[in-house]
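Student: The structure is given below, and queries will be raised subsequently.
The values are calculated or read from the model by the stated rules, or taken from the named source; none is laboratory data. These numbers were taken from a predicted model, which means no experiment stands behind them. Note that each Cβ is placed from the backbone with ideal geometry, even for glycine, and that neighbours are counted across all protein chains shown. For accessibility, only protein heavy atoms count, side chains too; no ligands or nucleic acids. Shrake-Rupley method; radii C 1.70, N 1.55, O 1.52, S 1.80 Å.
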Amino acid sequence: MSGNTSPIFGNLNWNVTPYTDLLQHVDSSTIVGAGAASVLVFGAIAGVALFTYMRWWGPLYRIWLTSPDAKKIGIMYIALALVMLARGIIEGFVMRAHQATALGTLAQPEAGLVAPDHFSQLFSTHGTIMIFFVAMPLLIGLINFVLPQQLGARDMAFPVLNQVSLGLTAAGAALIMISLLVGQFGTGGWTMYPPYTGIDFSPGEGVDYWLWAILISGMGSTLTGMNFAVTIFKERAPGMHFMRMPLFCWTSLCVAIMLVYAMPALTVSSAMLALDRYAGFHFFTNAAGGNMMNYANIFWMFGHPEVYILILPAFGVFSEISSTFSGKRLYGYTSLVIASMSIAVISFTVWLHHFFTMGQSAGVNIAFGIATMIIGIPTGVKIYDWMATMWRGRVRITTPIVYLTGFFLLFVIGGLSGIILANPSIDYQVHNSTFLVAHFHNVIIPGVLYGMLAGIHYWFPKAFGFRLSETWGRRTAYLFVGGFIFTFMPLYVLGMMGFPRRSPTFQNPEFLPWMYVAAFGGVLMMCALASLMWTFWTSYRNRTALAVPGGDPWNGSTLEWSSPAPVPEWTFPQIPQIQARGDWGEAKRAGDPWKGPERYTDIEMPANTAHGLLIAGAAFALGFAMVWHIWWLAILSFLAIPGMIALRGMRVITPKIIPAAEVEEADRRFRQQVASLASATRADEETERNRGVPDLSEFAG
Amino acid sequence: MIKPNTGELDPQESAASEIKSYTTGFIASLLLTVGGFAAALSDLPTTWKVVLICVAALLQIITHMRNFLHLSFSGGQSREDLLLVLFSAILLTIMAGGTWYIMSDLSGRMHQTMDSVASAQSQPHSR
Ligand code: HEM
Ligand SMILES: [Cu+2]
């Protein structure tokens, strides 16, 4: 490989695209590969053409890409996640379609839509994308959008750092995307265990794509964690004591702490693997004193906290919506806080359950097995709290509540199969089978995906000023619930029958009926994806009918519902004085909540900057250059990053000042509008009469 | 020094004492680093070297926390910060201790004692 590295282009040449594979050999696998690359190419061309035709480049750059506003950054994170979600679900569907056609015979073991190596790339990219570029950006985006508003802050503690984090995440995602077209992705699964992923067994660029995507985006997530933590510690509005924070803020705090302590472990394990691959180190090799078990150890030291990083924001969302849509106060606030905090700490003590079967003695396994079972307790407490919140409430079956119900039913099953797996002797029976695949999708989809989609539906009006269509929202939710059941319940059965995960083929015809059921589930999941996209589109077209300028469409009790929808850049005309938990709800009880401030002052906001964009560009160049051994570019971009940081550090940066008159004008207009709008009752919530001004007499939260 | 949560300057603390604290910290860190190198280069027995380096490292951590990060047991804000640091220490102990627990158990079962590592290095194709 390194023998013919060109000094300018590194290992790049014309033979690395899937089209060359297609020319050499035409079969369903190369067609799928070239098809995927073409979707990327045509998608990019169509996107560029659309933006040019609509003259969107200027606004995109000025309003979005250079904005340090946490709300905009949050929305961009979510947009990135939705694009990656589309790719992830399509890949999941291709894998299901493949396995439904993969019945081979003993004489001719290989069968199915795609070649085995291609299948391995599929589950590796699918897993990597879903965890790092769908789930993480979804939750980081949602926290970015909601957290400052709920705390009564105007922005994050470090707005430009926030921009840099987004840029690094996007650079990682771009590396994964470009691997569709240029070269191949790794085949070691989303965990990329050595020694298989060491240079001896995986010489090509595939593992390097994973490494650099993870190293770059992981850095972004660590910085995000610090940003969230400092924001919560230092930027709360006066009077917002810790025990007055909404639950979503509490779970965000847990997430922040866990990001700060867990992400470095991933960076360390990936950096060690990179040293093995690039510099001839022997951390994880078979020979020369390497020990590959330490990779599993360090990786899962990150990996287990990671799954709670993913789920805790969803728990926060469910706490908010269960209370709002039942018109009741959240049951057991303190117990929910304690449970979240316990989860955050205990989740650092269980990582070994991901490698029960990798050779340590029974005593070690038992210690971690017990810790794993203990962590089920706080989660159970939470489920009871939400049920008690809804108990005897006037529950409206809105889209978030459909997701919540799906979560109740399905997440409990997934949690239960997790407790089963926590027993090492049972784990020995089903590990590495599709039982495990069923288990983790069973917690991730009803937990993370439903939670985040519910959150998006709930806060969408705050971001864009109009509600999402309830009809299509509910249809999407039902499709995701049904699709989940059909896709993954059969995998429990298949796992018990002994079907190993990550199998490109199988020879036992008894597996086939279950494969068909799962493939049908895959079709439903594709429909759910289409329906999700349609929800956004159809709501956008009906935006005048769905508009909620009053800003409080669900009769909520937390601070973010006090501002107009869409929320202005400065969020609050004046930083609020917090009197109680659920401050907005208390204001409603006290009478007229929409009182304006007496005096308006100039508001100082961080100025727009291209800093994050530039750093993202350099980080992408660095990753791409390292993958393809283009050393000059790697050195250049590696030096560019500290250079840009130093340059910015030396410049005097003037913040943007929003004059008091402008704030006053906008705020007065909002308050007049609220006064002129007719208030909507609970029964009218889904109709055009809901203009974002709820009937205060009905408020009971 | 800046008062916590306000951005206002704390009048009680003058710039001079600030600088003094930083200088003390800097010199102490420098000495401790040099000390570590000196220990490594000296001809003391290996155990002594390791012990000395570890002690110097620990002392340097404490110096950084005291003089640069302004942690102490007194005062509301520093106390809050100290609690955060202790929390970090617990997590790091869990991670380091857990790794030690797991990896020593594994290496026993992989017959990876220090001898076998040494012999594997001297004869690469021993298996
Ligand atoms: C929405 C529909 C989805 C479908 C149809 C789907 C399908 C699949 C399939 C077929 C596999 C390979 C199973 C095997 O190894 O035998 C897989 C693996 C995986 N999926 Fe999904 N999945 C979906 C959603 C998700 C989501 C939302 C996430 C996480 C946020 C996720 C995370 C993963 C991970 C981490 C793996 C393991 C990859 C590996 O083996 O390294 N999936 N999925
Ligand atoms: Cu785990």
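Student: Restricting attention to the stretch A:590-628, report how many residues are within 21 Å of A:Gln672 (Cα to Cα) and in contact with a Phe, Trp or Tyr (Cβ under 7 Å, 6 or more places away or on another chain).
Tutor: From the stretch A:590-628, those within 21 Å of A:Gln672 (Cα to Cα) are A:590-601; that's our starting set.
When the remaining residues are screened for being in contact with a Phe, Trp or Tyr (Cβ under 7 Å, 6 or more places away or on another chain), the result is A:593.
Matching residues across the stretch A:590-628 total 1.
Student: Could you pull out the residue among A:Phe325, A:Phe411 that is surrounded by 22 or more Cβ atoms within 10 Å (Cβ to Cβ) and within 16 Å of ligand 1 (Cβ to nearest atom)? Break it down stepwise before answering.
Tutor: Numbers: A:Phe325 fails: within 16 Å of ligand 1 (Cβ to nearest atom).
A:Phe411 is the lone residue from the list that is surrounded by 22 or more Cβ atoms within 10 Å (Cβ to Cβ) and within 16 Å of ligand 1 (Cβ to nearest atom).
Student: Something else: Considering A:Asp27, A:Asp117, A:Asp21, which residue is among the acidic types (Asp, Glu), more than 14 Å from ligand 1 (Cβ to nearest atom) and surrounded by 15 or more Cβ atoms within 10 Å (Cβ to Cβ)? Write out each step before concluding.
Tutor: Working: A:Asp27 fails: surrounded by 15 or more Cβ atoms within 10 Å (Cβ to Cβ); A:Asp117 fails: surrounded by 15 or more Cβ atoms within 10 Å (Cβ to Cβ).
Matching residue, one of A:Asp27, A:Asp117, A:Asp21: A:Asp21.
Student: Determine if the stretch A:280-290 includes at least one residue that is more than 16 Å from ligand 2 (Cβ to nearest atom), crowded, with 24+ Cβ neighbours inside 10 Å and within 14 Å of chain B (Cβ to nearest Cβ).
Tutor: Within the stretch A:280-290, the subset more than 16 Å from ligand 2 (Cβ to nearest atom) is A:280-290.
Of the ones still in play, those that are also crowded, with 24+ Cβ neighbours inside 10 Å are A:284.
Retained after the next criterion (residues that are within 14 Å of chain B (Cβ to nearest Cβ)): A:284.
The answer is yes, given that some residue of the stretch A:280-290 is more than 16 Å from ligand 2 (Cβ to nearest atom), crowded, with 24+ Cβ neighbours inside 10 Å and within 14 Å of chain B (Cβ to nearest Cβ).
Student: So which residues in the stretch A:356-372 are within 16 Å of ligand 2 (Cβ to nearest atom) and touching a residue at least 60 places away in the same chain (Cβ under 8 Å), if there are any at all?
Tutor: The answer is A:Phe356, A:Thr357, A:Met358.
Student: Looking at the stretch A:358-368 only, could you name the residues that are open to solvent by 10 Å² or more (accessible area, probe 1.4 Å) and either among the hydrophobic types (A, V, I, L, M, F, W, C) or within 16 Å of ligand 1 (Cβ to nearest atom) (or both)? Reasoning before the result, please.
Tutor: First, the residues of the stretch A:358-368 that are open to solvent by 10 Å² or more (accessible area, probe 1.4 Å): A:358-359, A:361-363, A:366-368.
Matches in the stretch A:358-368: A:Met358, A:Ala362, A:Ile366, A:Ala367, A:Phe368.
Student: Select from the stretch A:355-374 the residues that are touching a Gly at 6+ places or on another chain (Cβ under 9 Å) and more than 12 Å from chain B (Cβ to nearest Cβ) and list them in ascending order.
Tutor: The one that is touching a Gly at 6+ places or on another chain (Cβ under 9 Å) and more than 12 Å from chain B (Cβ to nearest Cβ): A:Thr372.
Student: Shifting gears a bit: Filter the stretch A:429-458 for residues that are away from ligand 2 (no atom under 16 Å from the Cβ) and of a type in the set (A, V, I, L, M); which is nearest to the other protein chains (Cβ to nearest Cβ)?
Tutor: Step one: filter the stretch A:429-458 for residues away from ligand 2 (no atom under 16 Å from the Cβ), giving A:429, A:433-434, A:445-446, A:449-458.
Remaining after also requiring of a type in the set (A, V, I, L, M): A:445, A:449, A:452-454, A:456.
Details: A:Ile445: 29, A:Leu449: 28, A:Met452: 27, A:Leu453: 32, A:Ala454: 31, A:Ile456: 32 Å.
Per the stated criteria, the residue is A:Met452.
Student: Could I ask something else about it? Going through the stretch A:235-256 one residue at a time, which ones are open to solvent by 30 Å² or more (accessible area, probe 1.4 Å) and either more than 14 Å from chain B (Cβ to nearest Cβ) or in contact with a Phe, Trp or Tyr (Cβ under 9 Å, 6 or more places away or on another chain) (or both)?
Tutor: So the first thing to find is which residues in the stretch A:235-256 are open to solvent by 30 Å² or more (accessible area, probe 1.4 Å), and the list is A:235-236, A:238, A:241-244.
Within the stretch A:235-256, A:Arg236, A:Phe242, A:Met243, A:Arg244 qualify.
Student: Then there's this: Consider only pairs whose beta carbons are under 8 Å apart and that are at least six residues apart or on different chains; among these, list those whose first residue lies in the stretch A:417-446 and is over 15 Å from A:Met130 (Cβ atoms) and whose second residue is open to solvent by less than 30 Å² (accessible area, probe 1.4 Å) and outside any helix (DSSP H, G or I).
Tutor: What qualifies is A:Pro424/A:Phe356; A:Asp427/A:Phe356; A:Tyr428/A:Phe356; A:His431/A:Phe356; A:Ser433/A:Phe499; A:Thr434/A:Phe499.
Student: Also, I was wondering about something else. Looking only at the stretch A:163-198, how many residues end up being closer than 17 Å to A:Met84 by Cα, among the hydrophobic types (A, V, I, L, M, F, W, C) and within 16 Å of ligand 1 (Cβ to nearest atom)?
Tutor: Number satisfying all stated conditions: 4.
Student: On to the next question. So which of A:Gly617, A:Gly612 is within 25 Å of the chain's Cα centre (by Cα) and closer than 30 Å to A:Pro576 by Cβ? Outline the logic, then answer.
Tutor: Numbers: A:Gly617 fails: closer than 30 Å to A:Pro576 by Cβ.
Result: A:Gly612 is the single residue among A:Gly617, A:Gly612 that is within 25 Å of the chain's Cα centre (by Cα) and closer than 30 Å to A:Pro576 by Cβ.
Student: Take the conditions within 16 Å of ligand 2 (Cβ to nearest atom) and open to solvent by 10 Å² or more (accessible area, probe 1.4 Å) and apply them to A:Gly127. Does it pass?
Tutor: yes
Student: Could I ask something else about it? Among residues belonging to the stretch B:83-127 that are more than 9 Å from chain A (Cβ to nearest Cβ) and touching a Ser or Thr at 6+ places or on another chain (Cβ under 7 Å), point out the one that is modelled with the highest pLDDT.
Tutor: Across the stretch B:83-127, the extreme among qualifying residues is B:Ser119.
Student: Continuing with this model, one more query. Return the residue satisfying two criteria in turn: it lies in the stretch B:22-73 and is open to solvent by 50 Å² or more (accessible area, probe 1.4 Å), among the hydroxyl-bearing types (Ser, Thr, Tyr) and more than 15 Å from the chain's Cα centre (by Cα), and of such residues it is farthest from B:Leu86 (Cα to Cα).
Tutor: Once the filter is applied, the top-ranked residue is B:Thr46.
Student: Here is a further query. Can you pull out the residues in the stretch A:56-71 that are out of contact with any Leu (no Cβ under 6 Å at 6 or more places or on another chain) and open to solvent by 50 Å² or more (accessible area, probe 1.4 Å)? So that I can check it myself, show each step before the final result.
Tutor: Within the stretch A:56-71, the subset out of contact with any Leu (no Cβ under 6 Å at 6 or more places or on another chain) is A:56-64, A:66-71.
Matches in the stretch A:56-71: A:Trp56, A:Trp57, A:Tyr61, A:Arg62, A:Ile63, A:Trp64.
Student: Of all residues being polar (S, T, N, Q) and more than 26 Å from the chain's Cα centre (by Cα) in the stretch A:505-556, which is nearest to ligand 1 (Cβ to nearest atom)? Just the residue, please.
Tutor: Going through the stretch A:505-556, the residues polar (S, T, N, Q) turn out to be A:505, A:507-508, A:531, A:535, A:538-539, A:542, A:544, A:555.
After this cut, where a residue has to be more than 26 Å from the chain's Cα centre (by Cα) as well, the list is A:505, A:507-508, A:542, A:544, A:555.
Values: A:Thr505: 11, A:Gln507: 16, A:Asn508: 15, A:Asn542: 27, A:Thr544: 33, A:Asn555: 31 Å.
Looking at the filtered set, the residue picked out is A:Thr505.
Student: Right, here's the next one. Is it true that A:Ser38 is on the phi < 0 side of the Ramachandran plot, within 23 Å of the chain's Cα centre (by Cα) and not hydrophobic (A, V, I, L, M, F, W, C)? I'd like the intermediate steps shown before the answer.
Tutor: Details: on the phi < 0 side of the Ramachandran plot: yes; within 23 Å of the chain's Cα centre (by Cα): no; not hydrophobic (A, V, I, L, M, F, W, C): yes.
No, not satisfied.
Yes or no, residue by residue, for (1) away from every other protein chain (no Cβ under 14 Å); (2) part of a loop (DSSP other than H, G, I, E, B); (3) at positive phi:
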position: A:Ser347; (1), (2), (3): no, no, no
position: A:His353; (1), (2), (3): no, no, no
position: A:Lys382; (1), (2), (3): yes, no, no
position: A:Thr389; (1), (2), (3): yes, no, no
position: A:Gly393; (1), (2), (3): yes, yes, no
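Student: Test each condition in (1) open to solvent by less than 20 Å² (accessible area, probe 1.4 Å); (2) free of Cβ contacts under 8 Å to residues at least 40 places away in the same chain; (3) touching a Lys or Arg at 6+ places or on another chain (Cβ under 8 Å); (4) not basic (Lys, Arg) for A:Leu336 and report the one that comes out false.
Tutor: (2)
Student: Could you identify the single residue in A:Ala314, A:Ala271, A:Ala262 that is within 12 Å of chain B (Cβ to nearest Cβ) and either at pLDDT 90 or above or within 16 Å of ligand 2 (Cβ to nearest atom) (or both)? Show your work before the answer.
Tutor: Working: A:Ala314 fails: within 12 Å of chain B (Cβ to nearest Cβ); A:Ala271 fails: within 12 Å of chain B (Cβ to nearest Cβ).
Only one candidate qualifies: A:Ala262.
Student: If you go through the stretch A:134-155 one residue at a time, do you hit one that is more than 16 Å from ligand 1 (Cβ to nearest atom), buried (at least 24 other Cβ atoms within 10 Å of the Cβ) and under 21 Å from A:Arg648 (Cα atoms)?
Tutor: Within the stretch A:134-155, none of the residues are more than 16 Å from ligand 1 (Cβ to nearest atom), buried (at least 24 other Cβ atoms within 10 Å of the Cβ) and under 21 Å from A:Arg648 (Cα atoms).
Student: Of the residues A:Ile346, A:Ile420, A:Ile375, which single one is surrounded by fewer than 16 Cβ atoms within 10 Å (Cβ to Cβ) and within 16 Å of ligand 2 (Cβ to nearest atom)?
Tutor: Details: A:Ile346 fails: surrounded by fewer than 16 Cβ atoms within 10 Å (Cβ to Cβ); A:Ile375 fails: surrounded by fewer than 16 Cβ atoms within 10 Å (Cβ to Cβ).
Step by step, each of A:Ile346, A:Ile420, A:Ile375 is checked, and only A:Ile420 is surrounded by fewer than 16 Cβ atoms within 10 Å (Cβ to Cβ) and within 16 Å of ligand 2 (Cβ to nearest atom).
Student: Shifting gears a bit: When you check A:Leu647 against the structure, is it surrounded by 13 or more Cβ atoms within 10 Å (Cβ to Cβ), of a type in the set (A, V, I, L, M) and not assigned by TED's automatic domain parsing to the domain that holds A:Thr399, yes or no?
Tutor: Values: surrounded by 13 or more Cβ atoms within 10 Å (Cβ to Cβ): no; of a type in the set (A, V, I, L, M): yes; not assigned by TED's automatic domain parsing to the domain that holds A:Thr399: yes.
Criteria not met by A:Leu647.
Student: A follow-up question, please. Which is more than 16 Å from ligand 2 (Cβ to nearest atom), more than 29 Å from the chain's Cα centre (by Cα) and among the small types (Gly, Ala, Ser), of A:Ala86, A:Ala97, A:Ala79, A:Ala115? Full working, then the answer.
Tutor: Details: A:Ala86 fails: more than 29 Å from the chain's Cα centre (by Cα); A:Ala97 fails: more than 29 Å from the chain's Cα centre (by Cα); A:Ala79 fails: more than 29 Å from the chain's Cα centre (by Cα).
One residue alone meets the criteria, A:Ala115.
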